[in-house]
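Data first, discussion second: the structure below is written as structure tokens.
The values are calculated or read from the model by the stated rules, or taken from the named source; none is laboratory data. Note that the coordinates shown come from a computational prediction; the quantities given were computed from them, not determined experimentally. All Cβ positions, glycine included, derive from the backbone under ideal geometry; neighbour counts span all protein chains shown.
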Amino acid sequence: MKTGIAYFGVRNPEWVRKDMQTIREAGFNYVLHTFSEEDLQYYPQTMKEIIALSKKEGLGVYVNPWGVGRVFGGEAYTELAARDPEMAQVSSDGKKLIAACPNSPAFRDYMKKWIKFVCECDIETVFWDEPHFYFEKNNPELRTCFCKHCSEQNSKQQSLISSLSFLTEEVHKLGKRNSVCLLPPWFPAGLENWEEVAKLPFVDEIGSDPYWEKGDSIEKVQKSYGEVSEKIANLAQIHNKEAQMWIKNYHIEAGTEHFAEEATEIAVNKGIRNIFAWSYLGSKYMDCLSSDNPELVWKTQIKAFSLAKAYELGY
């Protein structure tokens, strides 16, 4: 069983080594390292060292393009559309946005450069985190993208499938695996038909992250994780992919830490044997994501994975 944790924000290899030891001793066997535009520009060799020491500590390694171009999920800043406005997504009123367009040839050229470097590192899997077109929760009327590159595409779905097909093939050529994490159905991001992603020949695993919001009930967590885990498990079985689910370990309100344990149990009961959590130590070190009691979130997730492994072994 794969049990993993997302890790970011530290670029001192000696400190990272200590954290990787903590992660391994807690029973995790995988880590996801975020790899942003900033990392590629300013920390490439440091990131290669961090990945190598993670492997040395006995952890399998995933990497993701954290916030790159605002095409993928993450809190990292992006400069791509600012540096090359021709790369930017365009709204229906002609406004250029902060996000890069996945159809842009310049964006694809950048991603080839990103892929080439990360695949030279000692990683197992590239994690394509929440591929999407730009959207704003508080502005549902916003429509994208109307750039010249999108005029040749029929839909957001077609555009994102085309982009994922290109990206995953580039990774496959370099001998690494591809994992795609799909935004849950309630986000209008452009990938409504998950089966088209599962059908892509160079996608090795598919997953999702139906995270709950502050104030949500345990019943809502049970419903969303049950439905999404079942959908992912079924698609993975039909298309011979590995199924993955993500557990929320950030913005956890005091008294709801057990939601993470419940979500993990649901995913396991639906047949998922690849489960990661976002992120290390209850996201303690990023105050915009930190949980009310991050240490308890961390301990709860460790317990949840321990119980999941025991379940898998029939104990």
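Conditions tested, residue by residue: (1) touching a residue at least 40 places away in the same chain (Cβ under 8 Å); (2) among the aliphatic types (A, V, I, L, M); (3) in the same structural domain as THR168 (by TED's automatic domain parsing).
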| position | (1), (2), (3) |
| --- | --- |
| LEU59 | no, yes, yes |
| GLU75 | yes, no, yes |
| PRO105 | yes, no, yes |
| ILE115 | yes, yes, yes |
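Selection of region 137-174 for residues being among the acidic types (Asp, Glu) and surrounded by 12 or more Cβ atoms within 10 Å (Cβ to Cβ) yields GLU169, GLU170. For the criterion of being over 20 Å from GLY74 (Cβ atoms), in contact (Cβ under 8 Å) with a residue 60 or more places away in the chain and either over 16 Å from the mean Cα position of the chain (by Cα) or outside the structural domain of GLY60 (by TED's automatic domain parsing) (or both), ASN293 fails. So is CYS101 outside the structural domain of GLN244 (by TED's automatic domain parsing), under 25 Å from GLU242 (Cβ atoms) and either surrounded by fewer than 23 Cβ atoms within 10 Å (Cβ to Cβ) or in contact with a Phe, Trp or Tyr (Cβ under 8 Å, 6 or more places away or on another chain) (or both) or not? No; evaluated as a whole, the condition is false for this residue. Does GLU257 satisfy being over 18 Å from the mean Cα position of the chain (by Cα) and surrounded by 20 or more Cβ atoms within 10 Å (Cβ to Cβ)? Against the criterion (over 18 Å from the mean Cα position of the chain (by Cα) and surrounded by 20 or more Cβ atoms within 10 Å (Cβ to Cβ)), GLU257 qualifies. Reported count of residues in region 222-246, each being over 20 Å from ASP204 (Cα atoms) and surrounded by 18 or more Cβ atoms within 10 Å (Cβ to Cβ), is 2. In summary, no helices (runs of 4 or more DSSP H) completely within region 7-100 bear 3 or more residues that are in contact with a Lys or Arg (Cβ under 6 Å, 6 or more places away or on another chain) and farther than 22 Å from GLU130 by Cα. When the residues of region 227-241 are narrowed to those that are assigned to a loop (DSSP other than H, G, I, E, B) and touching a residue at least 24 places away in the same chain (Cβ under 8 Å), which ends up farthest from GLU195 (Cα to Cα)? Selected residue: LYS241.
Kindly indicate the residue of region 207-226 that is outside any helix (DSSP H, G or I) and within 18 Å of the chain's Cα centre (by Cα) and also farthest from VAL180 (Cα to Cα) among those meeting that condition. Filtering region 207-226 for residues that are outside any helix (DSSP H, G or I) and within 18 Å of the chain's Cα centre (by Cα), the one farthest from VAL180 (Cα to Cα) comes out as GLU213. Filtering GLY9, GLY67 for residues that are closer than 20 Å to SER290 by Cα and touching a residue at least 60 places away in the same chain (Cβ under 8 Å) leaves a single hit, GLY9.
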